[in-house]
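First the structure, in the form of structure tokens, and then the observations on it.
The values are calculated or read from the model by the stated rules, or taken from the named source; none is laboratory data. Predicted model only: the values in this text are computed from it and were never measured. With ideal geometry, Cβ positions are generated from the backbone for all residues, glycine too; neighbour counts draw on all protein chains shown. With ligands, DNA and RNA removed, areas are computed over all heavy atoms of the protein, side chains included. Shrake-Rupley method; radii C 1.70, N 1.55, O 1.52, S 1.80 Å.
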Amino acid sequence: MNDATYRKTVNILAVIGSAAFAGCGVLILLSYGIRWLGTDPLIWRAAFWDEFLNFALTIIPLNMITLVGLVLSVRLDWQNRPIRRIWMIALGLYVVNTLFTLGYFIPQNILLIGDNYTAQQASSIRATWLALHFPRVVIAAAVPVYALLAIIRRAEERSQERS
């Protein structure tokens, strides 16, 4: 694989992986989330783990693809400070989202396996989960935007160099 093909492949991984990841977050929020709000809290709690496993099987690989694409893209543009800065913003947003997921969502999802919640507690957990999922989706949606900005900025620089 030549350098140009490698760069395009790595950049595509960053953009498509992060956009798909953000899209999954929107899907969870707007389809699962809306349905969850209309479900009895205890029924929601009892069914949550199975649903989580279903979307985790899609979203976790996308998260890993995004990480690979972002890290390799940063590495490719490491010597170009303005472009590296844009890639680092994208990578930073990815890290913030990952820490948010690891710090709240994964532990909370594991706690939901247990059957020791009242209807009121399950309702409160569901509301908090969905409320905190919204900023996670916004952060996730910003990652492909910054990745595209880095790619565009690099293309503009290359175009100016050729002129």
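Inspect segment 130-146 for any residue being part of a helix (DSSP H, G or I), over 22 Å from the mean Cα position of the chain (by Cα) and in contact (Cβ under 8 Å) with a residue 60 or more places away in the chain and give the result as yes or no. For segment 130-146, residues part of a helix (DSSP H, G or I), over 22 Å from the mean Cα position of the chain (by Cα) and in contact (Cβ under 8 Å) with a residue 60 or more places away in the chain: absent. Filtered by the rule that a residue be surrounded by 19 or more Cβ atoms within 10 Å (Cβ to Cβ) and in contact with a Gly (Cβ under 7 Å, 6 or more places away or on another chain), segment 63-78 gives Thr66, Gly69. Restricted to segment 85-111, and to residues there that are free of Cβ contacts under 8 Å to residues at least 24 places away in the same chain and over 15 Å from the mean Cα position of the chain (by Cα), the residue that is most open to solvent (accessible area, probe 1.4 Å) is Arg85.
Residue pairs whose Cβ atoms lie under 8 Å apart, sitting 6 or more positions apart in sequence or on different chains, and linking a residue in segment 17-34 that is of a type in the set (Ser, Thr, Tyr) to a partner that is at pLDDT below 95, are Tyr32/Glu51; Tyr32/Phe55.
Among residues of segment 112-163 being charged (D, E, K, R) and open to solvent by less than 80 Å² (accessible area, probe 1.4 Å), the one that is farthest from Leu29 (Cα to Cα) is Glu157.
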